[in-house]
Every structure is written in structure tokens, then in C-alpha cells.
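Only one structure is covered here, and it is reproduced in the block below.
The values are calculated or read from the model by the stated rules, or taken from the named source; none is laboratory data. Quick caveat: nothing in here was measured; it's all calculated off a predicted structure. Counting neighbours? That spans all protein chains shown, and the Cβs are built from the backbone with ideal geometry, glycine included. Keep in mind that these areas ignore ligands, DNA and RNA; they rest on the heavy atoms of the full protein, side chains included. Shrake-Rupley method; radii C 1.70, N 1.55, O 1.52, S 1.80 Å.
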Amino acid sequence: MDNGFKNIVDELKNTQSITKEQFVYILERGDKDDLEYLYAAAREVSEKVFHKEVYLRGLIEFSNYCKNDCYYCGIRCSNRKADRYRLTEEEILSCCDIGEKIGFKTFVLQSGEDPYFTDDRICDIVRAIKKAHPDCAVTLSIGEKTKESYKKYYDAGADRYLLRHETANEEHYSKLHPESMSGAYRKQCLFDLKEIGFQVGCGIMVGTPHQTVDNIYEDIVFMQELQPHMIGIGPFIPHQDTPFKDEPEGSVDRTLRLLAILRLLFPKVLLPATTALGTADALGREKGILAGANVMMPNLSPSNVRDKYLLYDGKICTGEEAAECNACLRGRVSRIGFTVADSRGDHPDFV
Ligand code: SAM
């Protein structure tokens, strides 16, 4: 066992801070035993806060129309091959009804940036869900808006907002997005959301083209400034109809190390073991929980649209019904010795 590696893990756990040199060491060095030491430390911290409970969020992908053209994403507006769809308010509500019956207490409404869904439409949907399911939380993940729009969603009853910052480094951001998009604005959105009162999630893809270890350290520094309530990370996976189609997939090993580091840096943060992690590795989500993650997001979208919300190739669970996804994930959670929580699963500071 490498004492240098172990000492950094101990220090990280005790101080909730990490220097760039220590970060590079943990990300790039260490053998199997060292990694197990890292993951055990992350699990210990996670267990202290979350008591071996995993929070399930029912994910409703309600539109794959998008006005943006992010180079990595399968639903970018330039992808003419994407088969576009929108769910109606009734369809979204029916997903929530099914979701509550199978035990979900959070609904995550995700979409591309679809101008059809005006603020009024989003607020109507949020209000209708909260009326029908007052004990459930609503998370929105619908992209960059103005602060005024975010405030309207909050006033309509939305509880949480996910907006991955994608990369904190402007130069790297410009290699992943067209000129019309700005990393600075995306970061500003996150600060606005926090100020309004949302539980806020940022995050990155691991292994996007041109990403350096220095970039990831900058992401950590940004997260330390933002102090998000949720952090969504998963490997980048290429999509065949995007400019990044021939780029290599992000590393599962690096994603797991990063999950553990994030758990040690942010003990109370809500940290999903993502679908992308489960796509890159059949046991990726279990490995994620065992590296300190505490959230899973089973798909609640109607099965006839699931194979259309394709951000990347090979996405898992596209042929399943909500109940199957739910049963499958509950099985995965219990097989690794964890339980599924009954609560809404808010960030500990919001309970
Ligand atoms: N439009 C909203 C937004 O921009 O936040 C939500 C939908 S967006 C498709 C959700 C997330 O999917 C992005 O933040 C990105 O990190 C992730 N994503 C997109 N393409 C991906 C890919 N090829 N591999 C892995 N994750 C991807």
C-alpha cells in the first residue's frame, strides 16, 4: 500500500480540502488496495450522513427539442436524425402518478432547451404536480434561463434545479460549445438559482474531449465556491451523430475516483450514481454507490419515447417500463447492502 496515497485520503477526509498536487496524485496513482482505501473512506463519510440509504428520483424526460448545439450531445439542434417529441402536461402528470405509486418522492423533469415550454407552461406543470403530489419534491433540469424565470418556477413550487456547469474553464467550455454559449452565464445561473432558494446541482462529464486534470481541479475549486447541494457527474459517452462521434469514452475508473473525492470534500452533498456510469459499466451505478454516491435516477419516461432521449450511444433502460426500472434499481441497491429511503431525500440542510 502507498502511504502517500493513504495520507492524502486521510487528510482529505479530515480537512475536506485538497491541493492540486494531492488531487492529481489521487486521480492518477494508487493500486487496487489504495483505491479500496479511498472508497472505504468515502463510504464511511456517506454512511455517517445518509445511513446507508439511497435516494431514488423518478426521471421524466419530457422533451428532446433543444435550441442549443452542444458538440457532445445527441439532442443538439443540428442533429437532424433525432426523432423529436414532447410530452403533454397530462402525460407528465401520469408519469408522476405511476411514480408515486411505485414509491418515488422526487420527480426530475428534464428536457432540452425547448422554447415551446414557456415559463407559463413550466409553472402550470409544476403547480399541477405539486397539487397532485404535495409530499413530493420537483426538480427541474431544463437549462439556462433568466433569474426572473427561475424565480417564477420557484414560486410555482419547484424545489430543486440541476444545471451541470460542464466545465469551469472558459477555454475548455468553448471547445465543447458553440460561440453563442457562455460558461460564465451558466455559472451565473447557478448562483442565481442558489440565491432564489433552490437546492442546486452543478456537475461535469468526465473525459470530455480536451479535458485536462487541471480543468477538473478548476471544477472542484468552482464547486467549493458555489457549495452546491447536488453534484452530477458521469463519463462522457460519444453519440454517433455529433461532432464528437469518434472521441473516446470517459473513464469509469476516473469517474469513481472523482465521486469518492467529491464525497470527502462535500460530506452532505447529494451525489448520483448516474445512468451514464451504468451505461459505461454494467455495474457502474453499484460501484458509484460503493465509492460514496447516494442517489439513483430510475427512468419514469413513457416507454414509447425513451429511445428518443438519446444524449449518447448505448443508453441503458430504454426498453423498460417504469416499474421494471424501479424493481431493477431497488434490487441493485439491496444487493450491495444499502436500502432505498422512504423520505423525499432533501439535502440535509433543507430537512
Ligand atoms: N438542457 C438541460 C441542460 O442543459 O442542463 C438538461 C438536459 S442536458 C441533455 C443534461 C446533461 O446531459 C448535460 O448537462 C450533459 O452533462 C449530459 N450529456 C449530454 N451529452 C452527453 C454525452 N454525450 N455523454 C454523457 N453525458 C452527456
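Picking from T255, T275, which residue would you name as being open to solvent by less than 20 Å² (accessible area, probe 1.4 Å) and either among the small types (G, A, S) or in contact (Cβ under 8 Å) with a residue 12 or more places away in the chain (or both)? Walk me through it before giving the result.
Details: T275 fails: open to solvent by less than 20 Å² (accessible area, probe 1.4 Å).
Being open to solvent by less than 20 Å² (accessible area, probe 1.4 Å) and either among the small types (G, A, S) or in contact (Cβ under 8 Å) with a residue 12 or more places away in the chain (or both) holds for just one of T255, T275, which is T255.
In region 89-123, how many are more than 22 Å from the chain's Cα centre (by Cα) and charged (D, E, K, R)?
So the count comes out to 8.
Residues being assigned to a helix (DSSP H, G or I), buried (at least 19 other Cβ atoms within 10 Å of the Cβ) and in contact with a helix residue (DSSP H, G or I) (Cβ under 8 Å, 6 or more places away or on another chain): count how many of those fall in region 168-183.
3
Take region 142-181 and flag every residue that is without any contact (Cβ under 8 Å) to a residue 40 or more places away in the chain and in contact with a strand residue (DSSP E or B) (Cβ under 8 Å, 6 or more places away or on another chain).
Correct list: I142, Y153, G157, L163, Y173.
Between a first residue in region 70-81 that is without any contact (Cβ under 8 Å) to a residue 40 or more places away in the chain and a second residue that is within 11 Å of the ligand (Cβ to nearest atom) and β-branched (V, I, T), which pairs have beta carbons less than 9 Å apart while being 6 or more apart in sequence or on different chains?
Listed by first residue and then by second, the contacts come to S78/T242.
In the set R80, R57, which member is over 11 Å from S111 (Cα atoms) and surrounded by 22 or more Cβ atoms within 10 Å (Cβ to Cβ)?
Within the list R80, R57, the selection yields R57.
Of the residues that sit in region 88-124 and are farther than 23 Å from V54 by Cβ, of a type in the set (V, I, T) and surrounded by 15 or more Cβ atoms within 10 Å (Cβ to Cβ), which one is nearest to the ligand (Cβ to nearest atom)?
Here the residue is I122.
Could you tell me whether any residue of region 184-204 is touching a residue at least 60 places away in the same chain (Cβ under 8 Å), within 10 Å of the ligand (Cβ to nearest atom) and either among the aliphatic types (A, V, I, L, M) or surrounded by fewer than 20 Cβ atoms within 10 Å (Cβ to Cβ) (or both)?
no
Any chance region 125-136 includes a residue that's open to solvent by 20 Å² or more (accessible area, probe 1.4 Å), away from the ligand (no atom under 16 Å from the Cβ), touching a residue at least 60 places away in the same chain (Cβ under 8 Å) and over 15 Å from I60 (Cα atoms)?
There is at least one residue in region 125-136 that is open to solvent by 20 Å² or more (accessible area, probe 1.4 Å), away from the ligand (no atom under 16 Å from the Cβ), touching a residue at least 60 places away in the same chain (Cβ under 8 Å) and over 15 Å from I60 (Cα atoms).
Please work out which one of (1) touching a strand residue (DSSP E or B) at 6+ places or on another chain (Cβ under 9 Å); (2) small (G, A, S); (3) outside any helix (DSSP H, G or I) is the condition S78 fails and give its number.
(1)
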